[in-house]
1. Could you list, in sequence order, all residues of the range 1-45 that are of a type in the set (A, V, I, L, M, F, W, C) and within 26 Å of SER95 (Cα to Cα)?
2. Please determine whether any residue of the range 141-157 is under 22 Å from TRP201 (Cα atoms), free of Cβ contacts under 8 Å to residues at least 24 places away in the same chain and not acidic (Asp, Glu).
3. Being more than 15 Å from MET158 (Cα to Cα) and assigned to a loop (DSSP other than H, G, I, E, B) is the filter here, so list the residues in the range 192-228 that pass it.
4. So which residues in the range 7-48 are assigned to a loop (DSSP other than H, G, I, E, B) and touching a Phe, Trp or Tyr at 6+ places or on another chain (Cβ under 9 Å), if there are any at all?
5. Going by the structure shown, is LEU309 touching a Leu at 6+ places or on another chain (Cβ under 8 Å) and either free of Cβ contacts under 8 Å to residues at least 40 places away in the same chain or hydroxyl-bearing (Ser, Thr, Tyr) (or both)?
6. What are the pairs, 6+ residues apart or on separate chains, where a residue within the range 21-50 that is farther than 15 Å from SER357 by Cβ and free of Cβ contacts under 8 Å to residues at least 40 places away in the same chain has its Cβ under 8 Å from a residue that is surrounded by fewer than 21 Cβ atoms within 10 Å (Cβ to Cβ) and not hydrophobic (A, V, I, L, M, F, W, C)?
7. Give me the pairs: first residue in the range 283-299 and over 13 Å from LEU341 (Cβ atoms), second residue buried (at least 23 other Cβ atoms within 10 Å of the Cβ) and hydroxyl-bearing (Ser, Thr, Tyr), beta-carbon distance under 6 Å, and six or more apart or on different chains, which are they?
8. Select the strands (runs of 3 or more DSSP E) contained entirely in the range 279-366, then report the ones holding at least 2 residues which are surrounded by fewer than 18 Cβ atoms within 10 Å (Cβ to Cβ).
Amino acid sequence: MKLAGVTKHGFSDYLRPDRRDLDQHASSVSADEEFRRGYYAFTSLAYSPQAGRLFCGTTNFGNDLLHSYDPASGGFASAGYGRIAERYEIKIHRSLALGGDGWLYGATSCLHGVKELAKGLGGKVFRYCPATGEYDVIAVPIPQLYIQTISLDWRRGMIYGMAYPVFEFFALDIARREVVYRQYMGSISHIGAVDPEGGYWGTWLSGTSKHNLFRYDPAANEVKFFDHGFPTPCRNLMYYLAGPIDSTACTENGGIYLGHESGELYRLDWRTGEVEYLCKPLPGTRLPALALGPDGLILGVGGSDDCVLTFAYDSRSGRGHILGPVGEGGMSCYRAHDCCLVGDSLFVGETDNPKRSCYLWECRLA
């Protein structure tokens with residue numbers, strides 16, 4: 001497999017007048033109305049075969065957080081999340097999944113800090129019907145806290161999530177619209193993994209400041225805390241105090257692959273909690289997104305700061321190779337956040353660009 005070509009897609013031509021980091025200067029930059037309306041980043045991707053559209057969760061300080069992209073026409077359309085938004089909901093951050101009912105399930109996050117916690121209502125877990133455009137708010141799992149990531153277990157009707165800026169784990173029963181378990185973890189994954197028995201995997205911060213693994217067992221409604229994590233220690237490369245799990249991919253036969261913030265790829269034995277180092281598929285750090293490809297391939301994207309690369313790892317042979325960079329016509333993806341395979345194209349969502357509004361990058365595979 002190789003990269004046959006790359007095309008950028010976008011719907012905003014906004015250019016930033018300054019290059020301040022959004023995480024550090026959210027309050028000041030959000031006061032600029034032109035920035036609020038014009039700046040977008042692509043932070044979550046989920047494809048709906050029924051609708052024939054790729055849904056994009058975005059960062060936007062004007063609360064326009066969900067868009068669809070039609071691969072056939074090349075056009076974008078807003079899903080109008082602003083109709084149900086409140087001011088602190090400014091991103092869908094690794095929190096978008098397609099349910100077995102054809103609805104999209106998502107959750108909203110924020111960028112304000114502890115000083116403003118009391119002002120926000122809390123992030124929503126919601127679902128969206130692509131056919132009708134209807135929104136249904138399932139719950140606000142933890143009042144005042146927002147939701148950085150969710151994982152959907154459709155078979156058991158559960159949504160698992162991690163809250164922000166206080167790193168709490170929660171388990172939400174969709175039918176009951178109730179949180180059935182909450183636990184402060186002190187660590188957070190970019191996205192968690194669900195094993196074949198419905199167990200959710202993430203990381204917790206131990207008393208020695210190590211980011212170790214945990215598994216939530218839905219049958220027992222309890223968490224098992226492991227006393228180990230990864231051989232490569234966490235350096236908080238995602239953001240301050242975040243843990244090492246940058247990405248996950250779960251195969252139909254129970255294989256769980258984990259991308260480490262260092263750029264390393266691991267396999268998790270969900271029966272024992274042991275992690276196996278596989279390779280470092282790319283130079284540099286960060287491995288924010290993985291996708292399942294054909295014939296046992298694991299596709300992914302990593303790197304940062306205008307040096308974003310795609311790769312393929314063959315789970316059968318244990319070999320991986322770089323597919324190519326994400327860029328077109330002298331312009332490059334600044335930082336990847338999520339990826340999604342649609343047909344023969346790996347779509348990569350760009351985030352955090354300090355110069356301009358971000359793009360959805362289409363990487364054609366051959």
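1. The initial filter retains those residues of the range 1-45 that are of a type in the set (A, V, I, L, M, F, W, C), namely 1, 3-4, 6, 11, 15, 22, 26, 29, 31, 35, 41-42, 45.
Once the filter is applied, which keeps residues that are of a type in the set (A, V, I, L, M, F, W, C) and within 26 Å of SER95 (Cα to Cα), the range 1-45 yields VAL6, PHE11, LEU22, ALA26, VAL29, ALA31, PHE35, ALA41, PHE42, LEU45.
2. Filtering the range 141-157 for residues under 22 Å from TRP201 (Cα atoms) gives 141-142, 145-157.
Pick out the ones that are also free of Cβ contacts under 8 Å to residues at least 24 places away in the same chain and you get 157.
If we keep only those that are not acidic (Asp, Glu) as well, we get 157.
Within the range 141-157, one or more residues are under 22 Å from TRP201 (Cα atoms), free of Cβ contacts under 8 Å to residues at least 24 places away in the same chain and not acidic (Asp, Glu).
3. Taking the range 192-228 first, the residues more than 15 Å from MET158 (Cα to Cα) are 202-214, 223-228.
Those that are more than 15 Å from MET158 (Cα to Cα) and assigned to a loop (DSSP other than H, G, I, E, B): SER206, GLY207, THR208, SER209, LYS210, PHE226, ASP227, HIS228.
4. To start, the set of residues in the range 7-48 that are assigned to a loop (DSSP other than H, G, I, E, B) comprises 10-14, 16-25, 30-32, 39-40.
Correct list: GLY10, PHE11, SER12, TYR14, ARG16, PRO17, LEU22, ASP23, SER30, ASP32, TYR39, TYR40.
5. Details: touching a Leu at 6+ places or on another chain (Cβ under 8 Å): yes; either free of Cβ contacts under 8 Å to residues at least 40 places away in the same chain or hydroxyl-bearing (Ser, Thr, Tyr) (or both): yes.
Answer is yes for this residue.
6. Close Cβ pairs (under 8 Å, with a partner that is surrounded by fewer than 21 Cβ atoms within 10 Å (Cβ to Cβ) and not hydrophobic (A, V, I, L, M, F, W, C)) amount to SER28/ARG20.
7. So the pair list comes out as LEU287/SER247; PRO288/SER247.
8. Numbers: elements: 289-292, 297-303, 308-314, 319-325, 336-342, 345-350, 360-365.
Fully inside the range 279-366 and qualifying: 319-325.
Every read-out reported here was derived from the displayed coordinates using simple, explicitly stated rules and does not represent laboratory data. Being a predicted model, the structure only gives us computed values, none of them experimental. Counting neighbours? That spans all protein chains shown, and the Cβs are built from the backbone with ideal geometry, glycine included.
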